[in-house]
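Student: To start, I am sharing the structure in question, which I have written as structure tokens.
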Amino acid sequence: EYSDTGKTHKMRLAVVKIFDKPDVDDKTGRKTWNLSGILQDPSHKAAIDKLILQAATKLWGEKARDRLKHPKCKLPFKTGKEMAKVDGERYNGFEDDDAINVKFSSSQGAPGVVSSKAQRITDWDGTTLVDKEADVSEGIEENAVYSGMFGRVSYTAQAYQRSDGFGVSLKLENLQKMGDGERLSGGRAKAEDDFEAIEADNDDNLLDNADFL
């Protein structure tokens, strides 16, 4: 059983995998849409902990607190120190040792995404549904979706106990973009930012000044 639905505080979002980019389990083929949120204040964790306890109590009853403290219990939190690649290098955005990262995921379809004005964002570029009744969308650049932007999510907690372990996960319901930030990973630069205007027959001059010569 799930907990009540909660909403996070404003977070910096990382490892954003929604829209057409779900993770796919090699064994089951199950698709999972997910993202991580870097809490802006450690005190913001308390509201999430409350729903985790609620979900745990539904499954384990009076033993819930003890189960959550068990060293093998899997929870959706990691510190900056734990957000490292195989070679030990930190993922972008997790340079602070004590920063709290929270993972949210859904295997029941992609979450809904809206702008700060609660208008539906329909793709990575930030195309926004500005008139639902007329089905009119327009590109609003500041609503682009990427790792590094700020936002908040609605979520529920679910406790589980399976043959491969036990713990509590956070089900991603919906996402609201709240502001822009420095991109943390991926993302291709815009072509208009990479190149300047040139004369049609000016190729030789460009080559003479190329960095690789």
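The values are calculated or read from the model by the stated rules, or taken from the named source; none is laboratory data. This one's a predicted model, so the numbers in the text were calculated from it and none came from an experiment. Please note: Cβ atoms are built from the backbone with ideal geometry, for glycine as well, and neighbour counts cover all protein chains shown. Quick note on the areas: whole protein, heavy atoms, side chains included, nothing else; ligands and nucleic acids left out. Shrake-Rupley method; radii C 1.70, N 1.55, O 1.52, S 1.80 Å.
Every residue, every condition in (1) modelled with pLDDT of 80 or more; (2) open to solvent by 30 Å² or more (accessible area, probe 1.4 Å); (3) of a type in the set (Ser, Thr, Tyr), yes or no:
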| residue | (1), (2), (3) |
| --- | --- |
| Asn101 | yes, no, no |
| Ala110 | yes, yes, no |
| Ser116 | yes, yes, yes |
| Trp124 | yes, yes, no |
| Thr127 | yes, yes, yes |
| Ser137 | no, yes, yes |
| Val145 | yes, no, no |
| Gly151 | yes, no, no |
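Student: While we're on this one: Return the pairs, sorted by first residue and then second, in which the second residue is open to solvent by 40 Å² or more (accessible area, probe 1.4 Å) and outside any helix (DSSP H, G or I), the first residue lies in the range 43-70 and is basic (Lys, Arg), the beta carbons are less than 7 Å apart, and the residues are 6+ apart or on different chains.
Tutor: Lys58/Glu1
Student: Is there a residue being in a loop (DSSP other than H, G, I, E, B), basic (Lys, Arg) and at pLDDT 85 or above anywhere in the range 161-172?
Tutor: No, every residue in the range 161-172 fails to be in a loop (DSSP other than H, G, I, E, B), basic (Lys, Arg) and at pLDDT 85 or above.
Student: If you don't mind, another one. So which residues in the range 1-26 are among the basic types (Lys, Arg) and in a strand (DSSP E or B), if there are any at all?
Tutor: The answer is Lys7, Arg12, Lys17.
Student: Oh, and also: Out of all the residues in the range 173-199, which are modelled with pLDDT of 60 or more and of a type in the set (A, V, I, L, M)?
Tutor: Hits for the range 173-199 are Leu175, Met178, Leu184, Ala197, Ile198.
Student: With (1) at pLDDT 95 or above; (2) open to solvent by 30 Å² or more (accessible area, probe 1.4 Å) as the list, and Ala64 as the residue in question, which single condition is left unmet?
Tutor: (2) is the only condition that Ala64 fails.
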